[in-house]
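J.: Below is the structure I would like to discuss, written out as structure tokens.
No value in this document is a laboratory result; all are computed from the given coordinates. The shown structure was predicted, so the numbers you read here are calculated from the model rather than taken from an experiment. Neighbour counts are summed over all protein chains in view; Cβ atoms, including those assigned to glycine, are modelled from backbone coordinates with ideal geometry.
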Amino acid sequence: MKTKYLLTKSLVIASVLLIATAAIASAECLADIYQATASLNGLETALAEGYATTAECISNPREGAIGIQYSNINLVSDGVVDARHPESLFYEPQDNGTLRLVGVEYRVYAGAGNGNRLTPPVLFGREFQSRGDYYALRVWAWRDNPNGLFADWNSQISCY
């Protein structure tokens with residue numbers, strides 16, 4: 001009986017430590033992204049740094065939206081994953097016609113020219129998701145997401 005109690009107690013402690021470690025990693029991730037993208041809240045700065053729109057506001061009727069995507073082709077094509085330089089920025093249209101930075105995407109192509117990467121990279125302790133010919137990691141640093149910090153879509157964002 002005592003062994004079962006100690007085992008249960010050990011599992012509870014391990015679970016708490018795992019949750020705490022994940023929370024610390026998320027906080028560090030956000031701090032890195034805030035520092036790297038604070039100047040990009042204004043679209044003018046993002047445009048001056050080489051980001052350009054790649055599509056209208058992108059939404060998924062069942063899961064939410066990502067907003068309007070702005071990508072930096074130099075970062076997209078360099079094959080480097082760097083927390084300080086996200087390849088894409090997501091902006092949400094506001095009622096007053098302005099855009100608000102809501103998230104970022106880190107991306108690396110899997111094919112030739114990028115080391116023929118066969119395995120997804122890892123950043124902030126998270127493995128990138130395969131998107132066919134590239135891997136990507138989305139982070140909703142500037143807008144809460146009930147689906148999670150690293151979810152594909154954000155149900156709080158609307159294109160309408």
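J.: Given Cα pairs under 8 Å that are at least 6 residues apart, what percent is the relative contact order of segment 65-160? Mind showing how you got there, number by number?
T.: Working: 187 pairs, mean separation 26.2, N = 96.
Relative contact order for segment 65-160 comes out at 27 percent.
J.: Quick one: which residues, 5 or more positions from L123 or on another chain, have an amide H under 5 Å from its amide H? H modelled 1.01 Å from N in the peptide plane, none for Pro or chain starts.
T.: Distant-sequence amide H within range of L123: F128.
J.: So how strong a dipole does segment 30-160 carry about its Cα centre when Lys and Arg Cβ are +1 and Asp and Glu Cβ are -1, to the nearest 20 debye?
T.: Values: 9 positive and 15 negative charges, 48 e Å.
So the magnitude is around 220 debye.
J.: Provide the gained length on full extension for the span S155 to N74, in nm with one decimal, where the gain is 0.36 nm per separating residue minus the Cα-Cα distance. It would help to have the intermediate numbers written out before the result.
T.: Values: separation 81, 0.36 × 81 = 29.16 nm, distance 2.98 nm.
The span from S155 to N74 would gain 26.2 nm if fully extended.
J.: Counting only residues 5 or more places away or on other chains, whose amide H sits under 5 Å from the amide H of A151 once H atoms are built in the peptide plane?
T.: W140
J.: Let me ask something else. Around R131, which amide H atoms from residues at least 5 apart in sequence, or from another chain, sit under 5 Å from its own amide H, with H modelled in the peptide plane?
T.: Counting only residues 5 or more places away or on other chains, the set is A136.
J.: Output wanted: per-residue J couplings in Hz (rounded whole) for segment 122-135, from phi through Karplus 6.51 cos²θ - 1.76 cosθ + 1.60, θ = phi - 60°, x for Gly and Pro.
T.: Listing the rounded values in order: 10, 9, 6, x, 10, 7, 5, 9, 6, 10, x, 8, 8, 10 Hz.
J.: Follow-up question, since we're still on this one. What list of ³J(HN,Hα) values in whole Hz, one per residue of segment 86-93 in order, does the Karplus curve 6.51 cos²θ - 1.76 cosθ + 1.60 (θ = phi - 60°) give from phi, with Gly and Pro shown as x?
T.: Running phi through 6.51 cos²θ - 1.76 cosθ + 1.60 with θ = phi - 60° gives x, 5, 9, 10, 10, 10, 9, x Hz.
J.: With θ taken as phi - 60° and the coefficients 6.51, -1.76 and 1.60, list the Karplus ³J(HN,Hα) couplings across segment 33-41 in order, rounded to whole Hz; mark glycine and proline as x.
T.: Going residue by residue, I get 5, 4, 5, 6, 10, 3, 6, 8, 4 Hz, with x marking Gly and Pro.
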